[in-house]
Amino acid sequence: MTKKGVEILRDKKLSKSTAFTKEERQAMGLRGLLPHSIISQAIQEKRVMENLRSKGTNIEKYIFLSALQDRNERLYYEVIMNNLEELLPIIYTPTVGEVCTRFSHIYRIDKGFYVTPEDKGEVIQLLGNWPEQDIRVIVVTDGSRILGLGDLGVNGIGISIGKLSLYTAGAGIPPSQCLPVVLDLGTNNVPFREDLLYLGYPHPRLEGEAYFEMVDEFVMAVQKQWPKALIQFEDFMTPMAMPLLQKYRDKVLCFNDDIRELRRLPLPVF
């Protein structure tokens, strides 16, 4: 069914907010749902940057941009691409480190995919819940070593989200083909586990065979669900990262930029 009216405005992929023309407003059932003025994306960008620069801290700027991404995806990426030097430190390092430490406390709306030990044996079914059918790039972390900040558990999803935003803004990969993932296999960060607001699996981190079985189930499920997808392992602890890359590097399209070793097969064409 074709979306109309409020459904369009609430769809971040379709919404142009006040940039819809008179003709579009008539055809799409948007008359009366928007202010009178038709404001181009270029002018919208000026409004965004004016509001952004009024924020007192980088974390406030991150939250502001994240909210824009949730409601108007095309404007979000236009703003990022046109102001990359200024905004790169906001959407990625160093601000993303603070975002990850505080993720459970500043959570607004979901942007990623979560796998826990309770999903063992059902990961392939879980992947089927993701709405996009043509995933080409997956950034997955287990949250165990985020930017040198240590074990951040589920909060590490922020690094996957941030890196994929860069891939879209800097490399033109459609956001619909990107999937940020956290393998939330517990955390050894006791203050996090005891935090009432912590959003992750509140148990000690899986180790040994149980850990590698969960990672393997995820990787194999991806091969079935999205066989063209590239998997980037992000911010895994070295004792886990090296065995994982060694296991999959000649079997699965994958890499880990933390240890600079790329699978010896061509990258996918988008």
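Some points to look at:
- Some residue of region 231-241 being of a type in the set (A, V, I, L, M), within 20 Å of I109 (Cβ to Cβ) and at pLDDT 95 or above: no
- Selected residue (criterion: nearest to the chain's Cα centre (by Cα)) from residues of region 36-61 that are among the hydroxyl-bearing types (S, T, Y) and under 24 Å from H105 (Cβ atoms): T57
- Residues that are of a type outside the set (S, T, Y), touching a strand residue (DSSP E or B) at 6+ places or on another chain (Cβ under 9 Å) and surrounded by 20 or more Cβ atoms within 10 Å (Cβ to Cβ) number at least 1 in none of the helices (runs of 4 or more DSSP H) confined to region 56-116.
- Looking across region 145-187 at every residue that is small (G, A, S) and closer than 15 Å to Q232 by Cα, the one that is farthest from the chain's Cα centre (by Cα) is identified as G156.
- In this structure, R205 does satisfy being more than 22 Å from I63 (Cα to Cα), outside any helix (DSSP H, G or I), in contact with a Ser or Thr (Cβ under 7 Å, 6 or more places away or on another chain) and not acidic (D, E).
- The set of residues from region 153-184 being closer than 19 Å to I109 by Cα and either of a type in the set (D, E, K, R) or outside any helix (DSSP H, G or I) (or both) comprises K163, C178, L179, P180, V181, V182, L183, D184.
- With respect to the conditions (1) part of a strand (DSSP E or B); (2) farther than 26 Å from W226 by Cα, L197 lacks only one, and its number is (1).
- Qualifying residue in region 71-89 (condition: of a type in the set (F, W, Y) and either in contact with a Lys or Arg (Cβ under 8 Å, 6 or more places away or on another chain) or within 22 Å of G170 (Cα to Cα) (or both)): yes
- Any hit, region 23-36, residues being at negative phi and in contact (Cβ under 8 Å) with a residue 60 or more places away in the chain: no
- Residue selected from region 230-253 under the condition of a type in the set (V, I, T) and touching a strand residue (DSSP E or B) at 6+ places or on another chain (Cβ under 8 Å), by the criterion nearest to D151 (Cα to Cα): I231
- Every pair of residues 6+ apart whose Cβ atoms lie under 7 Å, when the first sits in region 95-111 and is more than 17 Å from D70 (Cα to Cα) while the second is in a loop (DSSP other than H, G, I, E, B) and acidic (D, E): S104/D195
Yes/no matrix, rows are residues, columns are (1) closer than 27 Å to L14 by Cα; (2) surrounded by 21 or more Cβ atoms within 10 Å (Cβ to Cβ):
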residue	(1), (2)
G156	no, yes
A169	yes, yes
E213	no, no
E217	no, no
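- Residues that are under 20 Å from T168 (Cα atoms) and not β-branched (V, I, T) within region 45-70 comprise E45, M49, K61, Y62, F64, L65, S66, A67, L68, Q69, D70, listed in sequence order.
The values are calculated or read from the model by the stated rules, or taken from the named source; none is laboratory data. The structure presented is a predicted model; accordingly, all values stated were derived computationally and were not measured. When we count neighbours, we look across all protein chains shown, and the Cβ atoms used for this are built from the backbone with ideal geometry, even at glycine.
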